């Protein structure tokens, strides 16, 4: 049993090290990792949800009412913020992911999609109308691909870490984000504004929160072996 | 036996020591001569010896590294082992036996084939003979029968032998083939190994190149002069063409070799070698070095001599960025040279700062005057402002191009009064015809707000700034090409402004200010807004009187003539005046004796120092006896450096046309067109040649900014572009910006079209699209492709009156315009990959990945069908059906 763990570990190291050396993050097994969890709070009065003006392809897109996703506050907590460790160089193993972006009803689900660099994103178009996926990326080469009715799915790959804005030029209100991370410690805040990062090797790190409208904020966090540390961010409108 | 005069003692005296001394001297002198010839006076030989050592060492190192890699490569080891085995087996194993048998068979087969072949050849000869006899007999009227028989007999014999010969040949070939097969194992392995070792073995060659091998001894190559002769490159004092000899590569041996980038000089590789020294650029083995770098190319006695850094040598080595000045000797179009940014910048400053107003220079004769016309100046500006401006423009607008003439106030008043007097008649007449609309109310808040909105949305900011630091096109480091209007209210009044905005050319027929086709009320709001930017200063009561003073007017005229104001401004009565400055055509070749340093002893006596200081402080060399009038341009050090590089290229020596770069009609058109483009500041709004589009900084969404025009010549039809420039029409209805009406003359519009075509290398500006040749299946397929279920093109594209759904900023150009506007070939390129043609465009890529069930799922066929459909949209006649 012990030997198999050891060999798994070795194989993992062999597989991950060459890949991660490119990204300056070294992944491996973490045995005594701690957890960072917490909540991102919105400071100030929560803005009233803003209705989006659906002015095109209404028969498909206006089936459900849509709120402006660029600033969603739920119960005083901020939704769709990304919390990540900015300066971690070594930790749990990092592998390219396969993630999905769905355009159902002319809206990006999820609005903020976070994944590690090197991952593939499958983009779905179940709407039966023309969408296009236009990335405003700099580190990754930008793309702008049409996704007509007959193309139900297409896949793009993002190799370099950065935050990319994604838009549909056909439907001006559609906007989304790719958070391409350079390490596997990140989380998008859910409807209660909370996040959780697990298997963090003990140490002191810079924890960063990013939000499309409110910008960035960071704080130091110290993780102890097998303990959970609670963090609260409070972020205000600029 | 005494002989008279014979001194026996003399005879017996030994001269051995003298001879010895003489011999020793001779030997020493010979050695010294040899030494001197080879070492003292030939420093380049040491350089070469050093270089060969360096070269050899580098190759050796590289070889060893590759060898180490190979030895560590299991694939290589495996191959080597296999080869050894195969060889051993061929020498003594199974294979060897087989081969022996085969070789024996081969000899036998060879003999058999040769014998048969010989026999057939004999029969063929006999046949020839028989035919001759036959012909002969027929011609002589003899009986030909016996020969006919003989021929038939021989042919029968040959027919019998032919199959045998063929069989023997096949047998022989078969055996040969088998032998080859036995050997093929080795051949195969050898080629595989050669592939692996190629990287290593090329270094063997490199080592061999640095050495001479005489049998077992090998030594470094014997040094020799490497020279390039450029026939008829120079002219001697009698204006006869003479060759230029260039021996720079005698020492700079690695100039065109990779791998020496970090070596010390003279062994360093040329920067950007792949581009600059490419065969289609400046191959050093053909053009040498001195044509660009100057120096004394033929000298090899010392580095200082070779570099021409000795007294009285007129073309010393151009060090650092100064080498860019040489580009202009051969390249007409220097703005396109990626590696001469300072030269290009210098040229832009020279052309647009107004230098050519006072100085003539070949190639710059036709640069238009850079300042505004003063013909009706009285109707335009506040007189107090005018005096302040003339006295020191930099104190009014620090970044203006107008230079400071360092005038005293009374001189400024005199010039103003002269200009006031000459513009009296025309200015007043114009004013009378242009009343301010009665409904104009200065300071009306709603008008001002509307005006501000309009200024910020229709594109004024493509040229003008409206606040401190707001700037569009910058000339040099920090000069404003177009006036900043933050204090415009100090300068002009509402009446002039209103009519100027409405139709700039009615006030000044040559102005580059375009019309934005403002409606009356629009012009009124913009005027109201502009009038909030600064207020005229209180006028000194005496000024009016001073301006009318005849003495002042007269003095003003002589000052205007002295300072050459007409070089930049159109001044009535002075249209034919010639430039007041010295000609600069050969300024770069001026010797130090020709440069006037005045009484300055603090400035080093070099061309660079003279020029730098002249540009920095133009009257620096004035003495009490020698007045200087050149005004102060307030240039930054970077601007001066760029100008200096341009000026250094104004040379007396002209490069013969056979050595020059592209001097074609097209290159001339590009240069002229670009000058016009700069004059009208097209790059304020549009990116052209990857430069400009400065208004873009005000737009977060690039789709709302003016379109970039890189590759415009390839994109649009020449005829359409001409018409559009003459009379712009909205193409992108979602833009608030307006393409202005510049009022180009036919000649100017043609020049701009030729410029865009030249940039895109358009060979044939007009192409005919024959709609009768479009197959029906294309139109059918395209109609399906553009439909809602497929590409849904009209979800964004307008088509004539049919507008897309949603807000206009989501729309795309009217496809009905395509037939007249777009080049059919360009549409294909565009559909293949829009992002490649115009990075960042809203138009998404539909290909690769067209639907499988249309036109056999072939992307290129679908693209062609779409193109044909688009080009036929909006056509009259039968094709109109396609648009439904």
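The numbers here are math on the coordinates, done by the rules we state, and not lab data. Nothing here was measured: the structure is a model prediction, and the numbers come from that model. Neighbour counts are summed over all protein chains in view; Cβ atoms, including those assigned to glycine, are modelled from backbone coordinates with ideal geometry.
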* Asked: For the pair residue A:30 and residue B:212, what calculated FRET efficiency results from E = 1/(1 + (r/R0)^6), where r is the Cβ-Cβ distance and R0 = 51 Å, to the nearest 0.05?
  -> 0.20
* Which shape class, rounded, prolate or oblate, goes with the range B:771-883 when its Cα gyration tensor gives a ≥ b ≥ c as root eigenvalues, a/c under 1.5 marks rounded, and past that a/b bigger than b/c marks prolate? -> rounded
* For the range B:751-801, what log10 I(q)/I(0) values come out of the Debye formula at q = 0.12, 0.15, 0.21, 0.22 1/Å, with one point per alpha carbon and no solvent? -> -0.55, -0.75, -0.83, -0.83
* Structure fact -> Taking max minus min of the Cα coordinates of the protein assembly as shown on each principal axis, largest first, gives extents in Å of 125, 122, 101
* **Interatomic Cα distance distribution for the range B:228-317, bins of 10 angstrom, percent** => 17, 45, 31, 7, 1
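How would you classify the range B:511-597 from its alpha-carbon gyration tensor, with a ≥ b ≥ c the square roots of the eigenvalues: rounded for a/c under 1.5, else prolate if a/b is greater than b/c, otherwise oblate? Please report the intermediate quantities before stating the final value.
Numbers: a/c = 2.66, a/b = 1.57, b/c = 1.69.
Oblate, since a/c reaches 1.5 and b/c is not below a/b.
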* Rounded if a/c under 1.5, otherwise prolate or oblate - the range B:370-481, Cα gyration tensor axes -> oblate
* **Relative exposure of B:657, A:119, B:760, judged by other C-beta atoms within 10 Å (fewest first)** => B:657, B:760, A:119
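If packing is taken as the average number of other Cβ atoms within 10 Å across a peptide's residues, how do B:532-541, B:202-211, B:746-755 rank, most packed first? Don't skip to the end; give the middle numbers.
Values: B:532-541: 12.5, B:202-211: 14.7, B:746-755: 18.4.
Output ranking for B:532-541, B:202-211, B:746-755: B:746-755, B:202-211, B:532-541.
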* Asked: How far apart, in nm, are two points set 7 Å out from the Cα along the Cα-to-Cβ line at residue B:445 and at residue A:192?
  -> 5.1 nm
* Asked: Taking the mean number of other Cβ atoms within 10 Å as a proxy for protection, how do you rank B:848-856, B:771-779 from highest to lowest?
  -> B:848-856, B:771-779
* At 7 Å along the Cα-to-beta-carbon direction for both residue B:836 and residue B:809, put a label point, then send me their distance in nm to one decimal. => 3.2 nm
* Asked: When chain A is modelled as a GNM with alpha-carbon springs shorter than 10 Å, which of A:62, A:81, A:117 fluctuates the most?
  -> A:62
* Structure fact -> Across A:141-152, the residue-averaged tally of Cβ atoms belonging to other chains within 10 Å stands at 6
* Spacing of the two label points (7 Å from each Cα toward its C-beta) at residue B:699 and residue B:847, in nm -> 2.8 nm
* Net length gained if the chain between residue B:517 and residue B:135 were fully extended (0.36 nm per residue, minus Cα distance) -> 127.7 nm
* Nearest 0.05, what FRET efficiency do residue B:540 and residue B:691 give at R0 = 41 Å with Cβ-Cβ as r? -> 0.35
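Using only DSSP helix segments of four residues or longer, with each worth -39500 (n - 2.57), what per-residue ellipticity at 222 nm results for the protein assembly as shown after dividing by its residue count and rounding to 500?
That calculation yields -12500 deg cm²/dmol at 222 nm.
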* Structure fact -> In nanometres, the difference between 0.36 nm per residue of separation and the alpha-carbon distance of residue B:94 and residue B:667 is 199.0 nm
* Calculate I(q)/I(0) for chain A by the Debye formula, one identical point scatterer on each C-alpha and no solvent, and give its log10 at q = 0.14, 0.17 Å⁻¹ to two decimals. => -0.97, -1.26
* To do: Using only Cα positions of the range B:439-536, each an equal point scatterer, no hydration layer, compute I(q)/I(0) via Debye at q = 0.13, 0.23 Å⁻¹ and quote the log10 values to two decimals.
  => -0.43, -1.34
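More than 20 angstrom separation, counting every C-alpha pair in the range A:32-121; what % is that? Numbers along the way, then the final one.
On the way: 2240 of 4005 pairs.
Across the range A:32-121, Cα pairs with separations above 20 Å total 56 percent.
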* Length-normalised contact order of the range B:74-210 in % [C-alpha pairs under 8 Å, at least 6 apart] -> 40 percent
* Cα-Cα P(r), the range B:74-210, percent of pairs per 5 Å interval -> 2, 9, 11, 10, 9, 8, 8, 7, 7, 6, 6, 5, 4, 4, 3, 1, 0, 0
* Asked: Using alpha carbons only, how many degrees (0 to 90, rounded to 10) separate the axis of helix B:859-872 from the longest principal axis of chain B?
  -> 40 degrees
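Could you sort A:101-111, B:510-520 so that the peptide with the highest average Cβ count within 10 Å comes first and the rest follow in order?
Working: A:101-111: 18.5, B:510-520: 15.9.
So the peptides A:101-111, B:510-520, ranked by packing, come out A:101-111, B:510-520.
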* Determine one quarter of the surface area of the Cα convex hull of the range A:95-182, which equals its mean projected area, and express it in nm² to one decimal. => 4.7 nm²
* Asked: Most mobile of A:130, A:207, A:78 per a Gaussian network model of chain A (Cα springs, under 10 Å)?
  -> A:130
* Please work out the Cα center distance from the range B:342-363 to the range B:457-528, rounded to the nearest Å. => 25 Å
* Asked: Got a sec? How would A:210, B:734 order by Cβ neighbour count within 10 Å, fewest to most?
  -> B:734, A:210
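By how many nm would the segment from residue B:6 to residue B:424 grow when fully extended, if each residue of separation counts as 0.36 nm and the alpha-carbon distance is taken off? Don't skip to the end; give the middle numbers.
Values: separation 418, 0.36 × 418 = 150.48 nm, distance 12.03 nm.
The residue B:6-residue B:424 span can extend by a further 138.5 nm.
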* Asked: So how do B:147, B:529, B:312 line up by other beta-carbon neighbours within 10 Å, fewest first?
  -> B:312, B:147, B:529
* Under the definition of Cα pairs under 8 Å and six or more residues apart, what whole-number percent is the relative contact order of the range B:228-317? -> 22 percent
* Asked: P(r) for chain B: what percent of alpha-carbon pairs falls in each 10 Å bin, starting at zero?
  -> 2, 8, 13, 13, 13, 13, 12, 9, 6, 4, 3, 2, 1, 0, 0
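Using the Cα atoms as the points, what is the convex hull volume per residue of the range B:534-579 in Å³? Display every interim value, and only then the final one.
Values: hull volume 5.2 nm³, N = 46.
Normalising the Cα hull of the range B:534-579 by residue number yields 112 Å³.
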* **the range B:534-585-the range B:698-756 distance, computed between alpha-carbon centres (Å)** => 38 Å
* To do: Take peptide B:844-855, look around each residue's Cβ out to 10 angstrom, count Cβ atoms belonging to other protein chains, and average those counts.
  => 4
* **For residues of B:386-392, the mean tally of beta carbons on other chains within 10 Å** => 0
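Compute the FRET efficiency between residue B:278 and residue B:595 as 1/(1 + (r/R0)^6), taking r as their Cβ-Cβ distance and R0 = 35 Å, and round to the nearest 0.05. Mind dumping the intermediate values first?
Details: r = 38 Å, r/R0 = 1.08.
Efficiency for this residue pair is about 0.40.
Would you mind estimating how fast the range B:664-759 diffuses translationally, via Stokes-Einstein at 25 °C and 0.890 mPa s with the Kirkwood radius over Cα pairs, in µm²/s?
Estimated via Stokes-Einstein, D reaches 178 µm²/s.
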